[in-house]
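The next block holds one structure in the form of structure tokens; read it before the comments.
Computed from the coordinates by the stated procedures, all read-outs in this text should not be read as laboratory data. Quick caveat: nothing in here was measured; it's all calculated off a predicted structure. Cβ sites come from the backbone with ideal geometry, for glycine too, and all protein chains shown count toward neighbours.
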């Protein structure tokens, strides 16, 4: 019988699609990268999603974040993403967590519940904690490296963290993961050297912050606000979703 996942079934088979339906995936960070990951996972038939982010939609998110429209400005990103998933697949179970993931808040999550973890957050301490927690629980994880200040989506690659180059964030992660004895980590990263954002005070969040007043954290708290666009974070998020879908659907060693 035809349904919204029939075209996917032609590629993954019935067994692969069933594995996705039974899977629970946690996406940490529902921004430019994570939002597109959630979108693609929902459209692929993943049955249960955990969405983790404490941020609200801001005017400056409209250039790249799929959860951002004029109607959603000021709303919690996890709530907007949950509603989108419900419109795509009403049978999906969505758990929302309005939490800024850090080593201090890590105890709120039981990683043994997840079949896969997506790291789409932008703080090194949070990313390292995510990797450590996933490794302790034996849960697969994929991590996104820097997607800001980039213009070439074709420079994105999937690799082990220790095979990366060029990306400054990946360099820091390699060093810190090695200290922690973590031998491998699947990542999406860009080999494109980062551009230096223009110093335009009229377009600067540091001088014209428009973050919702309810936001716990605003752009002005950042040392540098990165430039961004509609396509590099989106492609990174879709690549991540593709890796998750393939790993889960073909976990049995091939198509069903």
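Consider a paramagnetic label point 7 Å from the Cα of residue 99 along Cα→Cβ; state which residues of segment 36-52 have an amide N under 13 Å from it. Within reach of a label on residue 99, which here means backbone N under 13 Å from a point 7 Å along Cα→Cβ, segment 36-52 contributes 50-52.
For the chain, the longest principal axis of the C-alpha atoms and the axis of helix 6-22 are separated by about 90°. Anisotropy class assigned to segment 42-92 is prolate, per the alpha carbon gyration tensor with a/c at or over the 1.5 cut-off and a/b larger than b/c.
In plain terms, the residue of 77, 179 with the fewest other Cβ atoms within 10 Å comes first and the most crowded comes last, giving 179, 77.
Could you give the length gained on full extension between residue 6 and residue 110, defined as 0.36 nm per residue of separation minus the Cα-Cα distance, in nm? Each step should come with its number before you reach the end.
Values: separation 104, 0.36 × 104 = 37.44 nm, distance 3.28 nm.
Residue separation times 0.36 nm, minus the Cα-Cα distance, leaves 34.2 nm.
Once the Cα-Cα distance is subtracted from the 0.36 nm per residue extended length, the residue 175 to residue 43 segment shows a gain of 43.9 nm. Calculated mean residue ellipticity at 222 nm for the chain: -10500 deg cm²/dmol, from DSSP H runs with n ≥ 4 weighted as -39500 (n - 2.57), summed, divided by the residue count and rounded to 500.
With neighbour counts taken as other beta-carbon atoms within 10 Å, the residues 231, 28, 111 rank, fewest first, as 231, 111, 28. As a proxy for reagent exposure, 50, 152 were ordered by neighbouring Cβ count within 10 angstrom, fewest first; the result is 152, 50. Between helix 168-179 and the chain there is an angle of about 60 degrees, using the helix long axis and the longest principal axis of the Cα atoms. For the chain, the longest principal axis of the alpha carbon atoms and the long axis of helix 124-137 meet at an angle near 20°.
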